[in-house]
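To start, the structure itself, in structure tokens.
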Amino acid sequence: MSSNTRSNAAHYVAPIEETPLVAVDSVKASGRVSNLWTDAWADLRKRPMFWISSVLIVLITFVALFPGLFTSEPPSSGCYLENSNGGPEAGHPLGFTKQGCDVFSRIVHGAATSLSVGIIVTILILVLGITFGALAGFYGGWVDSVLSRVGDIFFSIPYILAAVVVMSVLSQYRNVFVIALAIGLFAWPSTSRVLRAEILRVKNSDYVMSATAIGVSRFKILLRHVLPNSIAPVIVVTTIGLAGAIVAEATLSFLGVGLPNTIMSWGNDISAAQRDLRNNPMTLIYPSIALSLTVLSFIMLGEVLRDALDPKARATR
Amino acid sequence: MTDTNTTTASAAESGAERPILEIKDLQVGFQTQNGMVTAVDGVNLTLYRGQSLAIVGESGSGKSTTAHAIINLLPGTGRITRGQILLDGKDLTKVSKREMESIRGRQVGFVPQDPMSNLNPVWSVGFQVEEAIRANGVAKGKQAVRERAIQVLKQAGLQDAERRLKQYPHQFSGGMRQRVLIGIGLSADPQLLIADEPTSALDVTVQRVILDHLETLTRDLGTTLVFITHDLGLAAERAEQLVVMYKGRIVESGPSVEILQNPQHPYTKRLVAAAPSLASRRIEASASLDQAETDLTGDVAGDSLDLVATLEARHDTDSVAAAKESAIIVEDLTKVYKIRGSGDFTAVDKVSFQIPRGTTMALVGESGSGKSTVAKMLLKLEEPTSGEITIDGKRLNGLSSKDAFALRSRMQPVFQDPYGSLNPLMNIGNLIAEPMKVHKFGDRDSRRARVHELLDQVSLPTSLVTRYPNELSGGQRQRIAIARALALKPDIVVLDEAVSALDVLVQAQILRLLADLQAELDLTYLFITHDLAVVRVIADNVAVMQKGRIVETATTDEVFGNPTQQYTRDLLAAIPGANIPLGL
């Protein structure tokens, strides 16, 4: 009865000029090549945090590799007590410690120690973490049970505590490699857990099924399809882990169970300076700043990598 | 309920009736890194009380955005940049957040798309229905709310509603969950109900029951219905008014039957030509009238989008169909899964079929029918519990690993999800070349030449070889998957729901590509699908599966013309658009 008032039922057709047809599903691949890594790079390039942390890391690496360019003092140069607690002077911009050692020179030479511990630990974590995590996640079953339990045992021991024990036992072999080994041996399980979880997700994807149907062997599927697609979170965790290792070395040295005094290390410097905190606080503050800046750079890099590599985080932005 | 009816009647009697919903020149934009992107532009529509309207379009056409704009549920950075949305004369683009909250649910109900993710798994179903009732202020007091909840669920067609209230979403099937969502949407007797693809995630037979129920319910309650779908046949069957959207604009609108019978805009013509449900009807019509309608589309690209043309092309090349040996023989294939706690589950139960060389066999069934498990056993991705598979005269059981490896090159798969089945870190060239590398097929140069040849065969530019899958659309990825499957020149391709995730036009294109490739390369297809309408276009033989068993096997014409089993008849009847008189 109301049909006469409902005049909207007319058949409307939009003018074709205003709504032109486009070819169905035409290919629009132009511009740059795009995949996870190129996209992450394009994303990173736009972040100031990435550049700040990268420049700092490059600078620290440069200092560690060529300390001679930054200080004329050789690492083994003796400390002269007549300089004890001396203030800044020409050639010694940060002054002297109580033992009369040049603070700036010690910081410059300490960079190599911190960085090498960080890098050796990271390599250890990557080798152990990827092997354990990848095999456990991909093969599952008893392989997973055995490997994951081994990881859990190491995970249950705080790695600082474990390293304290290892370093006390090996007190006559204290050097950069031993301390890195002591830290790395107990720090890998978190990496292997992250990778295992990621592999559990990736191994059920259709492209893995598709590769199986083609006839690719299991191990090659792991290497070619599963690992490359699950490695991104490992990179993030490892970058932050590198910072953790540097902190761990400083902590151990500070506690007196790390590197011997003969090796220049920020941890040792901080430890020595705390005894003289009231008279000369700057000898504590300078190596602490160096340590914080280094650790902060790696953590910042890890954070921006996380943002750039996590597609979910990108989708919500 | 009666209230609404009387108001409708009185409004109608008063002569100039005010529309319940009027959208004027609506424009919706999304803020992106590259500025504002317009998703919906210049949309006008008018809807009167008690009418039903369907918005049809492909993904990205702006159909859901339009619907979400009405109740201001635009995702992310989306906002209305121009125009008016008048609900019973009130401009919804100007109301405050608070007011909008009171309008949602009470005046405008909403049924979301995915019944699997739209109920909170940690709360009981009763809690969630009661929450909606309380939020809309329909009833007050514990007892009254509970009674209303039971009433709502009963109305939504759930048997045993009192007991069901205490259950959790995981104890409900997809269809039952969608009933709950419809119940929640209608719990406050809204004047307008927006249903956003309410049945896309459901099996066709369930879809039919749910939509029948929704139709009865909205008619009884006098609710105005806005229904969003990608299926033109479904839209026309379920709504009086049709709005076809394309790239954010309305290209055609009007009475459903008229648009379907007499589409004017070239885009609508394409849609009509490519919609499987309608194609199925047209094939039926042309078979009885013995005349084919292939000039429907009129535009140059149209022919490859017309499913009826695809069928005819297939028939033209199918001249030597008779007396071929079987490429695949499956005998008494059974797969039993051991389920912790609840014993065995027979996913595939004594399934037997044969596929003659160079033909297409469709394995049709709803979710859980075991059709994909059959495909996986065929591809040796799952081990059968018992039974025999013979491919090219070779039995799969007890095959040496070397022979099994060789057999893989003869039979290649294409999977459903175009976004998941290509390794995102391999470029297109390496993806297509991978099967050749694995099977040591040719040297580097000949493989590269073959990759170019394959890209050509699937109508993609060869410049794509250095590109990565994430730059391509779903349809293009599926072409890559097909090229990859064809790399080793296999005899058999197993297509596991290979076109189900695609938009209709793209789906039509891929179906045509598959038909052309079959004719050119004499391929044997096992085509696994839940969509009987597609089967009619692509398949020579059909096996219908239900709960792990094959209930009917016959030629496609027999299954469609003369189904012997009730289940097949139910499936056929559930193809949308069956009741639409076509003027073709």
ask   = Is the stretch B:453-461 home to any residue that is within 11 Å of chain A (Cβ to nearest Cβ) and without any contact (Cβ under 8 Å) to a residue 12 or more places away in the chain?
value = yes
inquiry  = Condition first: free of Cβ contacts under 8 Å to residues at least 12 places away in the same chain, buried (at least 20 other Cβ atoms within 10 Å of the Cβ) and in a helix (DSSP H, G or I). Now tell me which residues in the stretch A:210-228 satisfy that.
reply    = A:210, A:213, A:214
note = Inside the stretch B:298-341, the number of residues satisfying the requirement of being touching a Pro at 6+ places or on another chain (Cβ under 9 Å), part of a helix (DSSP H, G or I) and at pLDDT 75 or above is 1
ask   = If you scan the stretch B:522-577, which residues turn out to be of a type in the set (Asp, Glu) and in a strand (DSSP E or B)?
value = B:552
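Take the residues in the stretch B:424-447 that are without any contact (Cβ under 8 Å) to a residue 24 or more places away in the chain and within 13 Å of another protein chain (Cβ to nearest Cβ), then tell me which one is nearest to residue B:371 (Cα to Cα).
Looking only at the stretch B:424-447, we keep the residues that are without any contact (Cβ under 8 Å) to a residue 24 or more places away in the chain, and these are B:430, B:437-438, B:440, B:442-447.
From what is left, the residues that are within 13 Å of another protein chain (Cβ to nearest Cβ) are B:430, B:437-438, B:440.
On the way: B:430: 31, B:437: 31, B:438: 28, B:440: 32 Å.
Among those that are without any contact (Cβ under 8 Å) to a residue 24 or more places away in the chain and within 13 Å of another protein chain (Cβ to nearest Cβ), it is B:438.
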message = Being more than 12 Å from every other protein chain (Cβ to nearest Cβ), closer than 23 Å to residue A:216 by Cβ and not in a loop (DSSP other than H, G, I, E, B) is the filter here; which residues of the stretch B:387-410 pass it?
response = B:389, B:391, B:394
note = Picking from B:418, B:384, B:413, the residue that is in a loop (DSSP other than H, G, I, E, B), within 26 Å of residue B:547 (Cβ to Cβ) and of a type outside the set (D, E, K, R) would be B:384
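Residue B:295 - would you say it is modelled with pLDDT under 75, of a type outside the set (A, V, I, L, M, F, W, C), loosely packed, with under 15 Cβ neighbours inside 10 Å and within 26 Å of residue B:261 (Cβ to Cβ)? Working first, answer last.
On the way: modelled with pLDDT under 75: yes; of a type outside the set (A, V, I, L, M, F, W, C): yes; loosely packed, with under 15 Cβ neighbours inside 10 Å: yes; within 26 Å of residue B:261 (Cβ to Cβ): yes.
Yes.
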ask   = Which residues, taken from the stretch A:152-203, are within 19 Å of the chain's Cα centre (by Cα) and closer than 21 Å to residue A:139 by Cβ?
value = A:155, A:188, A:189, A:190, A:191, A:192, A:193, A:194, A:195, A:196, A:197, A:198
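Matching residues to (1) over 30 Å from residue B:49 (Cα atoms); (2) within 14 Å of chain B (Cβ to nearest Cβ); (3) at pLDDT below 80:
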residue: A:18; (1), (2), (3): yes, yes, yes
residue: A:26; (1), (2), (3): yes, yes, yes
residue: A:41; (1), (2), (3): yes, yes, no
residue: A:74; (1), (2), (3): yes, no, yes
residue: A:78; (1), (2), (3): yes, no, yes
residue: A:109; (1), (2), (3): yes, no, no
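Kindly indicate which of B:187, B:200 is surrounded by fewer than 21 Cβ atoms within 10 Å (Cβ to Cβ) and not aromatic (Phe, Trp, Tyr). Walk me through it before giving the result.
Working: B:187 fails: surrounded by fewer than 21 Cβ atoms within 10 Å (Cβ to Cβ).
So the residue among B:187, B:200 that is surrounded by fewer than 21 Cβ atoms within 10 Å (Cβ to Cβ) and not aromatic (Phe, Trp, Tyr) is B:200.
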remark   = If we ask which residues in the stretch B:522-538 are under 13 Å from residue B:359 (Cβ atoms) and surrounded by fewer than 24 Cβ atoms within 10 Å (Cβ to Cβ), their number turns out to be 2
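A quick yes/no check of all residues on (1) surrounded by 20 or more Cβ atoms within 10 Å (Cβ to Cβ); (2) in a loop (DSSP other than H, G, I, E, B):
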site: B:100; (1), (2): no, no
site: B:113; (1), (2): no, yes
site: B:117; (1), (2): no, yes
site: B:123; (1), (2): no, yes
site: B:131; (1), (2): no, no
site: B:138; (1), (2): no, yes
site: B:143; (1), (2): no, no
site: B:149; (1), (2): yes, no
site: B:152; (1), (2): yes, no
task = With respect to residue B:133, determine if the residue is closer than 27 Å to residue B:249 by Cβ and either free of Cβ contacts under 8 Å to residues at least 12 places away in the same chain or not charged (D, E, K, R) (or both).
result = no
task = Return the pairs, sorted by first residue and then second, in which the second residue is at pLDDT below 85 and surrounded by fewer than 12 Cβ atoms within 10 Å (Cβ to Cβ), the first residue lies in the stretch B:393-420 and is within 16 Å of residue B:495 (Cα to Cα) and hydroxyl-bearing (Ser, Thr, Tyr), the beta carbons are less than 9 Å apart, and the residues are 6+ apart or on different chains.
result = none
note = Given the conditions (1) of a type in the set (D, E, K, R); (2) more than 27 Å from residue B:361 (Cα to Cα); (3) at the interface with another protein chain (Cβ under 9 Å from one of its Cβ atoms), every one holds for residue B:417 apart from (2)
task = Considering every residue within the stretch B:185-197, establish whether at least one is of a type in the set (Asp, Glu), in contact (Cβ under 8 Å) with a residue 12 or more places away in the chain and in a helix (DSSP H, G or I).
result = no
request  = Look through A:184, A:215 and report the one residue that is of a type outside the set (S, T, N, Q) and within 13 Å of chain B (Cβ to nearest Cβ).
outcome  = A:215
request  = Among the residues of the stretch B:493-514, count how many are crowded, with 22+ Cβ neighbours inside 10 Å, within 17 Å of residue B:540 (Cα to Cα) and either at the interface with another protein chain (Cβ under 10 Å from one of its Cβ atoms) or more than 16 Å from the chain's Cα centre (by Cα) (or both).
outcome  = 6
task = Scan the stretch B:25-40 and report the pairs whose first residue is surrounded by fewer than 11 Cβ atoms within 10 Å (Cβ to Cβ) and whose second residue is part of a loop (DSSP other than H, G, I, E, B), with Cβ atoms within less than 9 Å and a gap of 6+ or a chain change.
result = B:32/B:77; B:33/A:317
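The values are calculated or read from the model by the stated rules, or taken from the named source; none is laboratory data. A quick note: this is a predicted structure, and the numbers were derived from the prediction, not measured. FYI the Cβ positions are ideal-geometry reconstructions off the backbone, even for glycines, and counts take in every protein chain you see.
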